[in-house]
Amino acid sequence: MSFGRLLLVVLLTAASVVPVRAQSRPIYIQFDPYTVKGALYRPDSGEEPAVGVLVIHRVNNYLGHLAARELARRGFLVLAMNSRFDNNEAAVVWEQIALDVKTGVEFLKRQGGVRKVVLFGHSGGAATLSFYQAVAEKGTSYCNAPGKLTVCGRDLDGLPRADGLILVDASLGNPVGLLRGLNPAVVTEGDPKSVNPALDPFNPANGFNPAGSTYTAEFKRKYYEAQAARMNRLIAAAAAQAGQLGTDRGPFPDDNVFLIVRAQGARLADAETIADTATVKPRKLLRNNGSTVTQIVRSVRPDVRPNPAQNAAFDGGARLLTLKSFLTANAIRSTNAMTGVDWCSSNNSTPCALAQIGVPLLVSAMGGNTGLRDNESLYETAASRDKDFFVLEGATHNIDPCVECETRKGEYGNSARNFFNYVRDWMNARFAR
């Protein structure tokens, strides 16, 4: 049996847990370079699809993504892809992922009957695909603009544009995620035990309480400024080491390990009450019964308390990157982690990219998660004239029902069906004609 047929069998076997009507017989596609791969999902019946949808992440395996099956069931051709860096965060060179997206867009455009291509960015895929579309619309002047920590090459000239963009519980970008998760109390980089008590988010004197913390406005200001200061120090250290690569002062010619201790699990928002996570303005809420209402929407996710021990550990607390993966995909300048982010200092920045994109845009947030305000802000930032935003009631980050959020069994059981029906109608209204 050939390698391609073997992988196809694996894909079909993995899909066998879904009802037969949900299958769309994915076909394994091997791209160049060989680490770029895809699974093509066609509708089981009906007319040849006029709309192709591309699903991809920075590093996650998306070959079996829920959107691929559900959108194929609803009449779309879906290409679920893995980038050249799948399951390898430390290997990421951010700007190169756009070449993998280009491969997928060109592939879909070559399929018979496909007239429009829509990018589907879930989680970290939002930053990946918004970056691609910004470069496709504005050219490489976007990713080479002054003030960028890293820039793109001429190999990103002439990227084919997609016709629409869908963001699902979108990440603002890995860099701001790292920034806001950093523990700024670290005194000596590389030593997780060297902690300044005055900035320690797990110090009861600062407001920490395992049952629900309360921090003063003054502590928060100092904390967010200290997070920014630590990130800026990390950037300076990494840039200095990168400048030595290939010289007598550098150990390697190409790259080097870059370890960040206490890099995760120190978001103040995670230590406080999740009920404070809400939209700022009344927004569209897609209810479990399929109706929509407009209101201030609050997350229904139960509180998840931070783990001080995990923040100090290597597993779950540290980030093991390389100089290149840190600078290209995980670094961003700021003066305050919440209010003073230089969004366009990184090419891995969903807000910066959305300000340059003009195609129709759909933004959605999951009501059983914590990203309501982040996604609302992306909607507000977006330059697209044709844009829509809604919150999916009681859904987890993965679009499925948040069982632990329910007050009665099945309260949010229709979340996935409602979500993909909404996406279907949104795409058909714009691209199926």
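The values are calculated or read from the model by the stated rules, or taken from the named source; none is laboratory data. Just so we're clear, the structure is a prediction, and the values are computed from it rather than from any experiment. Neighbour counts run over all protein chains shown; Cβ positions are idealised from the backbone, glycine included. Surface areas here come from the heavy atoms of the whole protein model, side chains and all, with no ligands, DNA or RNA. Shrake-Rupley method; radii C 1.70, N 1.55, O 1.52, S 1.80 Å.
I'd like to check something: does region 358-367 contain any residue that is surrounded by 24 or more Cβ atoms within 10 Å (Cβ to Cβ), out of contact with any Pro (no Cβ under 7 Å at 6 or more places or on another chain) and closer than 30 Å to Gly190 by Cα? Checking region 358-367: not a single residue is surrounded by 24 or more Cβ atoms within 10 Å (Cβ to Cβ), out of contact with any Pro (no Cβ under 7 Å at 6 or more places or on another chain) and closer than 30 Å to Gly190 by Cα.
When we screen Asn418, Asn347, Asn375 for residues that are surrounded by 16 or more Cβ atoms within 10 Å (Cβ to Cβ) and in a loop (DSSP other than H, G, I, E, B), the only hit is Asn347.
Which of the residues spanning region 82-130 are among the β-branched types (Val, Ile, Thr) and open to solvent by less than 30 Å² (accessible area, probe 1.4 Å)? Let's see the steps before the verdict.
Step one: filter region 82-130 for residues among the β-branched types (Val, Ile, Thr), giving 92-93, 97, 101, 103, 105, 114, 117-118, 128.
Across region 82-130, the qualifying residues are Val92, Ile97, Val101, Val105, Val114, Val117, Val118, Thr128.
Taken over region 184-205, the residue count meeting the criterion of being touching a Leu at 6+ places or on another chain (Cβ under 8 Å) and of a type outside the set (Asp, Glu) is 4.
Somewhere in region 241-251, is a residue open to solvent by 40 Å² or more (accessible area, probe 1.4 Å), outside any helix (DSSP H, G or I) and of a type in the set (Asp, Glu)? Give the steps one after another, and end with the answer.
Step one: list which residues in region 241-251 are open to solvent by 40 Å² or more (accessible area, probe 1.4 Å), which gives 241, 243-244, 246-249, 251.
Add one more test, that the residue is outside any helix (DSSP H, G or I), and what stays is 246-249, 251.
Okay, now just the ones that are also of a type in the set (Asp, Glu), so 248.
The answer is yes, given that some residue of region 241-251 is open to solvent by 40 Å² or more (accessible area, probe 1.4 Å), outside any helix (DSSP H, G or I) and of a type in the set (Asp, Glu).
Out of Thr370, Thr328, Thr339, report the one residue that is surrounded by fewer than 21 Cβ atoms within 10 Å (Cβ to Cβ), farther than 30 Å from Arg287 by Cβ and either small (Gly, Ala, Ser) or touching a residue at least 12 places away in the same chain (Cβ under 8 Å) (or both). I'd like the intermediate steps shown before the answer.
Details: Thr370 fails: farther than 30 Å from Arg287 by Cβ; Thr328 fails: surrounded by fewer than 21 Cβ atoms within 10 Å (Cβ to Cβ).
Sole residue among the options that is surrounded by fewer than 21 Cβ atoms within 10 Å (Cβ to Cβ), farther than 30 Å from Arg287 by Cβ and either small (Gly, Ala, Ser) or touching a residue at least 12 places away in the same chain (Cβ under 8 Å) (or both): Thr339.
Selection of region 397-415 for residues being among the β-branched types (Val, Ile, Thr) and either within 24 Å of the chain's Cα centre (by Cα) or open to solvent by less than 10 Å² (accessible area, probe 1.4 Å) (or both) yields Ile399, Val403.
Any residue at all in region 57-64 that's β-branched (Val, Ile, Thr) and farther than 16 Å from Leu159 by Cβ? Yes, region 57-64 contains a residue that is β-branched (Val, Ile, Thr) and farther than 16 Å from Leu159 by Cβ.
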